[in-house]
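Bear in mind that the values in this text are calculations on the coordinates, not laboratory data. As the structure is a computational prediction, the values presented were derived from the model and not from experiment. Don't worry about glycine lacking a Cβ; one is built from the backbone with ideal geometry, like all the others, and counts go over all protein chains shown.
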Amino acid sequence: MAEPAEMNSIDQAIQTCDKYIDEHRRSANRMLMLLVQIGVIVLTGLIGFGYVLFRPLIGTPEQAVVSPLFSNTVIFSLLAIFALVFGVLMSVYRFHLNETSKAEHYRIGFMRIRIAANNNSQGFQSEVRHALTEKAFAFQSSTGMFRGKNIESPLPGHPTSDVAAIILDKLLDKLELIEKKIEK
């Protein structure tokens, strides 16, 4: 890159976008590694639970007593906690991906403006300049196939959260509230 004194404001904006993109990519990579680590821990825990629960069944039939240490409630509550943590981490990971995408779009917009500003030849005076500068920073976030719903998913991208939001939205569309006046 050029020296800071030689840089114009567009070059500084592009450099700022590059820094922002790098920060969000590093954060997204950290979230992904944390998800992998938690998945490995849960998998190891499930294997350990299976070994503790079924170890007595491997021996002689007289010793075949399943340990009441881990009931179904404990196992299901641990799996529910894992699903909740997984969903939150996935939504944070998706946030970083969306922010990276948005910053990359703005970076390309600044590059388009720089191209239009640096070229003053006859061909760049009309349609080309207009095409480069028109909607250079218009970013449309895609909400996927669930557009137009009234209820937002608390964990966007998590399948159960999206399905629950869709079901609630459908129920509320069918439900009609009528104000009832009470006479005193």
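The label-point distance for Gln37 and Asp169, in a model that sets each label 7 Å from Cα toward Cβ, rounds to 3.5 nm. With a Förster radius of 30 Å applied to the C-beta separation of Phe95 and Glu134, the computed FRET efficiency comes to 0.55.
Which FRET efficiency value, to the nearest 0.05, do you get for Ile47 and Lys102 by plugging their Cβ-Cβ distance into 1/(1 + (r/R0)^6) with R0 = 45 Å? The formula returns an efficiency of 0.65 here. Phi-derived couplings, Karplus 6.51 cos²θ - 1.76 cosθ + 1.60 at θ = phi - 60°, listed residue by residue for segment 128-140: 5, 4, 5, 5, 6, 8, 5, 6, 5, 10, 7, 10, 10 Hz, with x used for Gly and Pro.
Modelled label positions at Asp22 and Ala117, each set 7 Å beyond Cα in the direction of Cβ, lie 2.2 nm from each other.
Each residue of segment 94-111 is assigned a 3J(HN,Hα), and the resulting list reads 5, 4, 5, 5, 5, 5, 5, 4, 5, 5, 5, 5, 5, 4, 5, x, 5, 5 Hz, derived from the Karplus form 6.51 cos²θ - 1.76 cosθ + 1.60 (θ = phi - 60°), x at Gly and Pro.
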